[in-house]
Amino acid sequence: MAVTASLIKELRERTGAGMMDCRKALEANNGNIEAAIEEMRKSGQAKAAKKAGRVAAEGILAIKSRGNQTVMVEVNCETDFVAREDSFKQFADAVAESALKQKSDTVEQLQNADFGDHKTVDQARTTLIAKIGENIQLRRIKYIETENNLGRYVHGAGRIAALVEIEGGDGELAKNIAMHITAMNPQAINADDVPAALLDKEKEIFSAQAQQSGKPAEIIEKMVAGRLKKFINEISLEGQSFIREPDKTVGQLLKEQQATVKQFFRFEVGEGIEKETSNFADEVKAAVQGN
């Protein structure tokens, strides 16, 4: 039987597995969808698919560098316990290595990258899901290739990490700036890079607060301008006080060393993912009532 798009779609819906895995399973079983499902269950792919809908907000960040190439990846799992487990950490490290070797700069490219042992990264992910019993996701990746100084820093157990490209200065400066970014979480390089929409929103809030003071309009205008300047300094890298020398800003430090930040990236495990919350008493009640 020919393997059609509709067959692949049905198999994906029934197993939750990836399109390429579904196609391969159908081709190996001459288009017999039931046989394909049985084979996928045996290999652990169907088991992995059942876990695909579960929230994976824990995990680890891994950075790999070689020459002028660097990659940073976030690999997620469901619990902190698994995030600290050796096989998961080794997997994340190997994923970053695969990404570096093949210069992957999107999750899709990374999924199809060679993992070794005749497997793609995504196939290795599926195998690990079957082994540990948790959903595992390749969430995001950043690949950089540059002749400039590239600072990298991973904090603690790999929960926060940063990359920063600096023109001028040296490797030590780049590393220190990456450490600062990890700690202080700037939103932009400098005041010019702060989104206008964000400034407008903050200005509106500051204005409303200042109006309550009852002061004259010209005083209120100065108050708002002062608060807005402070806000910009707090969220822009160059305006922040440098964590290792708080008496100077990052901008002053860069100027002293005739350096310029070209770009930076900061990942924090699970940021932006809405975690599931559950009430154990409600779950027990629902089970007893048969809901």
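The values are calculated or read from the model by the stated rules, or taken from the named source; none is laboratory data. These numbers come from a predicted model, not from an experiment. Note: areas computed on protein heavy atoms with side chains; ligands, DNA, RNA excluded. Shrake-Rupley method; radii C 1.70, N 1.55, O 1.52, S 1.80 Å.
Please list, in order along region 20-33, the HN-Hα scalar couplings obtained from phi with the Karplus expression 6.51 cos²θ - 1.76 cosθ + 1.60 (θ = phi - 60°), rounded to whole Hz, x for Gly and Pro.
Along region 20-33, the couplings run 5, 5, 5, 4, 5, 5, 5, 5, 5, 10, 6, x, 7, 5 Hz.
Express in whole angstrom the spacing between the alpha-carbon centres of region 109-163 and region 1-38.
Centre-to-centre distance over Cα atoms comes out at 27 Å.
At 222 nm, what value in deg cm²/dmol follows for the chain if DSSP H runs of at least 4 each add -39500 (n - 2.57) and the sum is divided by all its residues, to the nearest 500?
Calculated mean residue ellipticity at 222 nm is -14500 deg cm²/dmol.
What residue among Leu138, Leu253, Leu198 has the largest mean-square fluctuation in a Gaussian network model of the chain, using Cα springs under 10 Å?
Leu198
Which label belongs to the value computed from this structure, given these candidates for Cα Rg over 2.2 N^0.38 Å: (1) 1.06; (2) 1.30; (3) 0.99?
Calculated Cα Rg over 2.2 N^0.38 Å: the matching label is (2).
Cut-off 10 angstrom, C-alpha nodes, Gaussian network model of the chain. Which of Gly67, Gly133, Gly168 fluctuates the most?
Gly67
So, with a 1.4 angstrom probe, what is the percent of accessible area on the chain that is carbon and sulfur?
Numbers: 7690 of 16320 Å².
The C+S portion of the solvent-accessible surface of the chain is 47 percent.
Identify which of Glu221, Glu78, Glu108 has the largest mean-square fluctuation in a Gaussian network model of the chain, with springs joining Cα atoms closer than 10 Å.
Highest fluctuation among the options: Glu221.
Could you give the accessible area per residue of region 70-175, probe 1.4 Å, as a whole number in Å²? Can you show the working numbers first?
On the way: 4820 Å² over 106 residues.
Spelled out: the 1.4 Å probe surface of region 70-175, per residue, equals 46 Å².
Tell me the volume per residue, in Å³, of the convex hull enclosing the alpha carbons of region 57-133.
Values: hull volume 6.6 nm³, N = 77.
So the per-residue hull volume is 86 Å³.
³J(HN,Hα) across region 200-212 via Karplus (A = 6.51, B = -1.76, C = 1.60, θ = phi - 60°), whole Hz, x for Gly/Pro?
Taking θ as phi minus 60°, the curve returns 4, 5, 5, 4, 4, 5, 4, 5, 4, 5, 5, 4, 6 Hz for region 200-212.
Using θ = phi - 60° and the Karplus curve 6.51 cos²θ - 1.76 cosθ + 1.60, what whole-Hz ³J(HN,Hα) does each residue of region 110-121 get, with Gly and Pro shown as x?
Rounded to whole hertz, the list is 5, 4, 8, 5, 6, 9, x, 6, 6, 10, 7, 4.
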